[in-house]
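Please read the structure below before turning to the comments.
The values are calculated or read from the model by the stated rules, or taken from the named source; none is laboratory data. The structure presented is a predicted model; accordingly, all values stated were derived computationally and were not measured. All Cβ positions, even for glycine, are placed from backbone atoms using ideal geometry, and neighbour counts span all protein chains on display. Surface accessibility is based on the protein's heavy atoms, side chains included, excluding ligands, DNA and RNA. Shrake-Rupley method; radii C 1.70, N 1.55, O 1.52, S 1.80 Å.
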Amino acid sequence: MNSQFVPGMDYRGLVAEYGSPLLVLDQAAVRHQYRALSAALPGVTLHYALKPLPHMGVVETLKAEGASFDLATNGEVDLMRDAQINPSDCIHTHPIKRDGDIRHALAFGCNIFVFDNPVELHKFVAYKEQARLLLRVSFPNPETKVDLSKKFGCTPEMVLPLLREAQALGIQVIGLSFHVGSQVPNARRHVEAIEACNSLLRQADAEGLPLQVLDIGGGFPVDYTGGELDIHAFCAPIRSALANTPHGIRLLAEPGRFISAPAMTSISSVMGKAERFGRTWYYLDDGLYGSYSGQLFDHIDYPKSAPYAKGEAQPAVLAGPTCDSIDVIADDILLPQLEVGDLIVGGMMGAYTWASATEFNFFRKANILVVDSDAAALKAVA
Ligand SMILES: Cc1ncc(COP(=O)(O)O)c(C=O)c1O
């Protein structure tokens, strides 16, 4: 879904009522994305990865859709508990955990964890009666800027030795997982990783170390340029590769960005303006330290517009409100003349934005207004 602009959204009215900066979370977009990916990956249980947007408005929508969840921290465990999510619908996928993190998840009732090295494996000796493990395999991906296999995952060569070590310790490893990086440009690496895992699953079985699960991670992309990505076509090679997964293997995925990115729109206001170096600088009440943090951490350039501005477009700079010079969200953008109080709208801002925003300079994070454009209902402001 391209909800760069939620149909009929009255940005001025919303700011008049709820203040600025504001993030508008459309549950209809969450629902649409979940259904589209479910249809593109039949037979794969989708565990929404909470990290891009750990918000109750998303969780409630997905719960109603029958989704499962991927959590990685104690805070995310608490969100699941608050939302009364069935712990058996959750997996804990952080490959590196403290003992207290494991206990917190187990106390909630989530008992599937991820490991990728011997030190982490040994942490589960104490919990071998309850915990079931997925072994994360690394498949580096130079085609994405968020290459998670640099930081996590064992090499494919380490899989069998680690499975043997787990067996010797009496710890139950139930499957393999991977994450080929976020916002991948094509499904090539997913396919290579599935093929490699299919082979590893067969080798493990032949050695008497049978596994039951393959978790293909996240990475499913969205179109930040204003179009709508055809996720069914994107996943076609993944579906073909999964068709060769050994019989009886349960398939999981951990999509984050794809579900939440199109669901949130940012509205910010011009606080001040100045002429500098031949351009008009507009200082907004949201910026790089706030909702636009993903421009830095997630390497995304969100579509921005001034929906009510009229007149000839001129070179402008959009800066955030803090006192830091890095706090610029567009240093070469064409915009009609804006005045103090005018609005800037950012689209596709649901993933890795609010979640990574800071309150530097005591500029508070934007409030999130939950709406459902399917039901034309306003839910809550948080
Ligand atoms: C373990 C794990 N699962 C899932 C995700 C979600 O990935 P994406 O947003 O690319 O779908 C991430 C992202 O960092 C992750 O680390």
Where Gly66 falls short, out of the listed (1) crowded, with 17+ Cβ neighbours inside 10 Å; (2) more than 22 Å from Arg132 (Cα to Cα):
(1)
For region 69-88, give me each residue that is within 30 Å of Ala243 (Cα to Cα) and either touching a residue at least 24 places away in the same chain (Cβ under 8 Å) or buried (at least 24 other Cβ atoms within 10 Å of the Cβ) (or both).
Phe69, Asp70, Leu71, Pro87
Qualifying residues in region 306-358 (those that are touching a strand residue (DSSP E or B) at 6+ places or on another chain (Cβ under 9 Å) and within 16 Å of the ligand (Cβ to nearest atom)) - the one nearest to Asp223 (Cα to Cα)
Met348
Kindly indicate whether Ser260 is within 30 Å of Asn198 (Cα to Cα) and modelled with pLDDT of 95 or more.
yes
Quick one: which residue in Phe220, Phe297 is in contact with a Cys (Cβ under 9 Å, 6 or more places away or on another chain), modelled with pLDDT of 95 or more and within 30 Å of Val137 (Cβ to Cβ)?
Phe220
Can you confirm whether Asp99 is of a type outside the set (A, V, I, L, M, F, W, C), open to solvent by 30 Å² or more (accessible area, probe 1.4 Å) and within 16 Å of the ligand (Cβ to nearest atom)?
no
Residues satisfying the stated conditions in region 276-328, i.e. charged (D, E, K, R) and in contact with a helix residue (DSSP H, G or I) (Cβ under 7 Å, 6 or more places away or on another chain)
Asp286, Asp301
Looking at Phe115, Phe139, Phe152, Phe124 in this structure, which one is more than 24 Å from the chain's Cα centre (by Cα), aromatic (Phe, Trp, Tyr) and modelled with pLDDT of 95 or more?
Phe124
Can you report the number of residues in region 174-200 which are hydrophobic (A, V, I, L, M, F, W, C) and either loosely packed, with under 14 Cβ neighbours inside 10 Å or outside the structural domain of Pro42 (by TED's automatic domain parsing) (or both)?
0
Which numbered condition Leu148 fails, given (1) open to solvent by 40 Å² or more (accessible area, probe 1.4 Å); (2) out of contact with any strand residue (DSSP E or B) (no Cβ under 9 Å at 6 or more places or on another chain); (3) farther than 19 Å from Ala40 by Cα:
(2)
Being within 14 Å of the ligand (Cβ to nearest atom) and either in contact with a strand residue (DSSP E or B) (Cβ under 7 Å, 6 or more places away or on another chain) or outside any helix (DSSP H, G or I) (or both) is the filter here; which residues of region 187-200 pass it?
Ala187
Of the residues that make up region 275-294, is at least one exposed (fewer than 15 other Cβ atoms within 10 Å of the Cβ), of a type in the set (A, V, I, L, M, F, W, C) and either over 26 Å from the mean Cα position of the chain (by Cα) or under 30 Å from Leu46 (Cα atoms) (or both)?
yes
Pairs only if they're at least six apart or on different chains, beta carbon under 7 angstrom, first in region 336-362 and under 21 Å from His299 (Cβ atoms), second within 16 Å of the ligand (Cβ to nearest atom) and open to solvent by 70 Å² or more (accessible area, probe 1.4 Å); list them, first residue then second.
Tyr352/Phe297; Ala355/Lys51; Ser356/Phe297
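If a residue must be hydrophobic (A, V, I, L, M, F, W, C) and closer than 21 Å to Lys51 by Cα, how many such residues does region 177-194 contain?
Residues in region 177-194 being hydrophobic (A, V, I, L, M, F, W, C) and closer than 21 Å to Lys51 by Cα: 3 in total.
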Out of the residues in region 107-157 that are among the aliphatic types (A, V, I, L, M) and assigned to a helix (DSSP H, G or I), which is nearest to the ligand (Cβ to nearest atom)?
Leu148
Inspect all residues belonging to region 115-137 and state whether any of them is farther than 30 Å from Ile300 by Cα and touching an Asp or Glu at 6+ places or on another chain (Cβ under 6 Å).
yes
Take residues that are buried (at least 17 other Cβ atoms within 10 Å of the Cβ) and within 13 Å of the ligand (Cβ to nearest atom) and tell me which of the helices (runs of 4 or more DSSP H) falling wholly in region 201-268 contain 3 or more.
257-260
